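Novice: Quick one: this structure, given as structure tokens, is what I'll be asking you about.
The values are calculated or read from the model by the stated rules, or taken from the named source; none is laboratory data. Computed from a predicted structure; not experimentally measured. Note: ideal-geometry Cβ built from the backbone for every residue, glycine included; neighbour counts use all protein chains shown.
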Amino acid sequence: MTEDIRPAGTLQDVSKSILDHIDRVRTFLNTTSLDRHIEACRGLLRHTPLIDVAILGQFKAGKSSFINSLIGRQLLPVGVIPVTTVITRIRYGPRERAVVLHYDGSTEEIPLESIEEYTSESKNPGNEKDVDLVDIELSSLDGYAGLRFVDTPGLGSVFKYHVETSKNWLPEVGAALLAISADRPLSDNDLALIRELMQYTPRIVLLLTKADLLSAEQQEEVLGFFADTLKRELDKEFPIYLYSTRVNAELFKRRIVEELLSKLSANRDREFGNILTYKVKSLGKTTRAYLEIAYRTSLQADADRERIHAQILGEKSNLSQIQEDLIVITRAQAVHTRTSIDKYLERFRGPLNEKLTARLREDMQGWKGNLWKFTRQYEQWLYEHLVSEIDHISATEHTHFFGTLFKAQASLERYVNSFRALLEANIERVLGVKMAAAEWKIDVDEPARPHISIGRILDFHFDLIWFLIPMFLFRGLFERHFLNQLPNLIVINFSRLAAQWEMQINRAIEDIRARAMAYIRDEIATIDALLSQTGNKTETIKNLTDRLEAELARLN
């Protein structure tokens, strides 16, 4: 018999009661897939009801620049490489300060000008300082009382821990501003992120950054395209705002502040209630689906449950075979990465040699000094011209190196989605329970550009005995040597560039494979627990379900 439900209380009381019950369900079903969502909801109940306005999106979508513009100062680091390493939260405070929270629970207050030392990839590579969060308080944000702006690492960053940091934080989102560069189309990864965000917040806004790259006519065209795509793909309309930090910045900013942020701040309590209610209901819906699977399974006899287990999971529960399949998929692509890069770079080698040879012949005419100075000028010239030219090719052409990476991604997505579709179909066929449709998508972590360098200039250190070599006699000899050496330096650096890209791309391919395997393993473990541990517990499951529905009804 279902236990009595307490009379309706405050939203916090009702939410706590629901979460307590969902915790009991989670323990009973022996599944950990609900843990992060439960923790996020409890966090909202434990702390001051600040609304976390998270700025999310792919790497280099302009998230940090937007926040800097919003707060009116260059506080967060920005750059041309993946910059943000950790979650950074900014809110109003009576005095300016920044507090670093470390994974070990320790905290330290730091000067605002030192923030980059903890939040940027260049100053804190790999998050070697073990920073969990950086909290910043600014007295100038009194107009946004009740809100907390959250800067997140880019979801398309090369660094796996960047992606994990942002993904793991999604359940915490109160309101989400999804930053997308206005000069590119809405991608499948953007749509997948919106779908995931819809589990956690009713407040999702699209922020089309870099709007200055488009004309007024193009801006209207892009707004229409995004709105139509979202309606078609998600059957939902979302607010869409243009933004630029270069052109009409104040106009764009004023509209976002007046139509979104000021209303969130002024109606903080109501908005917080809506967000909490939404999160708890979404969590309840997921829990209800798991209970339904457990209930249908519990109705069967032990022998039937074993048959159902075999029918639903079958050979797909053979993790060793799945692991081998995924390895075959990734290796089939990784083996071609270097060949693909070398083939593409070949077209640049000849033109670059001609260009630099002509430039070097001209520039050497103005060089003066002894052999030591002459050699140093040559080395400096190589850094300024050879290195910069190859670095430019790497920066502008590197997306053409990602053929094997994208092929591996597509193959792994097909494999995982096929696995998921089979699992869902088997559950519906055997138990009559229709799981929520879900497509497995994963961001491709595009590798960062590798370091370009040069090797030895002279086969023998003649420049160390420069005082014995009269340059007026041998200058022509060394000029010819430097000119003749240039094609070989181009070949060497092209090879080095290809090798470094190969290593990073194949590492990214392996990372995707590992995440695909982890996803499949978790899905199998969750379903296996639901199918294997519910025998003779039909009444208990029914009571848990009835209690959950009664609890959730109190939110209406």
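Novice: Taking region 255-277, which residues are closer than 16 Å to Asn556 by Cα and not hydrophobic (A, V, I, L, M, F, W, C)?
Specialist: Hits for region 255-277 are Arg270, Glu271, Gly273, Asn274, Thr277.
Novice: Right, here's the next one. Please go through region 379-420 and give me each residue that is charged (D, E, K, R) and under 30 Å from Arg359 (Cβ atoms), ordered by number.
Specialist: Filtering region 379-420 for residues charged (D, E, K, R) gives 379, 384, 389, 391, 397, 407, 413-414, 420.
The answer is Glu379, Glu384, Glu389, Asp391, Glu397.
Novice: Can you work out which of the residues in region 458-484 that are among the aliphatic types (A, V, I, L, M) and surrounded by 14 or more Cβ atoms within 10 Å (Cβ to Cβ) is modelled with the lowest pLDDT? Even if it seems obvious, please write down each step before you answer.
Specialist: At the first step, the residues of region 458-484 found to be among the aliphatic types (A, V, I, L, M) are 458, 464-465, 468-469, 471, 473, 477, 483.
With surrounded by 14 or more Cβ atoms within 10 Å (Cβ to Cβ) added as a condition, the list becomes 458, 469, 471, 483.
Numbers: Leu458: 43, Ile469: 53, Met471: 56, Leu483: 85.
The extreme case among them is Leu458.
Novice: To continue, here is another question. Filter region 100-148 down to the residues that are within 16 Å of Asn68 (Cβ to Cβ) and β-branched (Val, Ile, Thr), then identify the one that is modelled with the highest pLDDT.
Specialist: Ile136
Novice: Quick check on Ala358: is it part of a helix (DSSP H, G or I) and crowded, with 16+ Cβ neighbours inside 10 Å? Outline the logic, then answer.
Specialist: Details: part of a helix (DSSP H, G or I): yes; crowded, with 16+ Cβ neighbours inside 10 Å: no.
It is false that Ala358 is part of a helix (DSSP H, G or I) and crowded, with 16+ Cβ neighbours inside 10 Å.
Novice: Oh, and also: Which one is farthest from the chain's Cα centre (by Cα) among residues in region 363-405 that are among the β-branched types (Val, Ile, Thr) and closer than 28 Å to Gln504 by Cβ?
Specialist: Val387
Novice: Now, a different point. Within region 41-53, work out how many residues are touching a Phe, Trp or Tyr at 6+ places or on another chain (Cβ under 9 Å), modelled with pLDDT of 80 or more and either within 24 Å of Arg246 (Cβ to Cβ) or surrounded by fewer than 19 Cβ atoms within 10 Å (Cβ to Cβ) (or both).
Specialist: Total satisfying the criteria: 2.
Novice: State whether one or more residues within region 485-493 are in contact with a helix residue (DSSP H, G or I) (Cβ under 7 Å, 6 or more places away or on another chain), outside any helix (DSSP H, G or I) and either surrounded by 14 or more Cβ atoms within 10 Å (Cβ to Cβ) or at pLDDT 55 or above (or both).
Specialist: The answer is no, given that none of the residues of region 485-493 is in contact with a helix residue (DSSP H, G or I) (Cβ under 7 Å, 6 or more places away or on another chain), outside any helix (DSSP H, G or I) and either surrounded by 14 or more Cβ atoms within 10 Å (Cβ to Cβ) or at pLDDT 55 or above (or both).
Novice: Where in region 167-277 are there helices (runs of 4 or more DSSP H), lying wholly inside it, with at least 1 residues that are under 21 Å from Arg148 (Cα atoms) and not assigned by TED's automatic domain parsing to the domain that holds Arg515?
Specialist: Values: elements: 188-197, 216-234, 249-256, 262-266.
Fully inside region 167-277 and qualifying: 188-197, 249-256, 262-266.
Novice: Find the residue count for region 27-42, including only residues that are over 23 Å from the mean Cα position of the chain (by Cα) and either within 22 Å of Met198 (Cβ to Cβ) or of a type in the set (Asp, Glu) (or both). Don't jump to the end; show me each part of the working.
Specialist: Kept after step one, since they are over 23 Å from the mean Cα position of the chain (by Cα), are these residues of region 27-42: 27-31, 42.
Filter once more, keeping what is either within 22 Å of Met198 (Cβ to Cβ) or of a type in the set (Asp, Glu) (or both): 31, 42.
Qualifying residue count, region 27-42: 2.
Novice: May I ask you to say which residue of Arg203, Arg184 is modelled with pLDDT of 85 or more and of a type in the set (Lys, Arg)? Show your work before the answer.
Specialist: Values: Arg184 fails: modelled with pLDDT of 85 or more.
Result: Arg203 is the single residue among Arg203, Arg184 that is modelled with pLDDT of 85 or more and of a type in the set (Lys, Arg).
Novice: Among the numbered criteria (1) of a type outside the set (Phe, Trp, Tyr); (2) loosely packed, with under 14 Cβ neighbours inside 10 Å; (3) under 30 Å from Arg521 (Cβ atoms), which single criterion is violated by Gln323?
Specialist: (2) is the only condition that Gln323 fails.
Novice: Before we move on, is Ala294 modelled with pLDDT under 85 and aliphatic (A, V, I, L, M)?
Specialist: Numbers: modelled with pLDDT under 85: yes; aliphatic (A, V, I, L, M): yes.
In short, yes.
Novice: Select from region 104-133 the residues that are assigned to a loop (DSSP other than H, G, I, E, B) and more than 26 Å from the chain's Cα centre (by Cα) and write down the one among them that is nearest to Leu75 (Cα to Cα). Give the steps one after another, and end with the answer.
Specialist: First, pick out the residues of region 104-133 that are assigned to a loop (DSSP other than H, G, I, E, B): 104-106, 111, 115, 121-124, 128-130.
Going one step further and asking which of them are more than 26 Å from the chain's Cα centre (by Cα), we end up with 106, 111.
Values: Ser106: 23, Pro111: 11 Å.
Among those that are assigned to a loop (DSSP other than H, G, I, E, B) and more than 26 Å from the chain's Cα centre (by Cα), it is Pro111.
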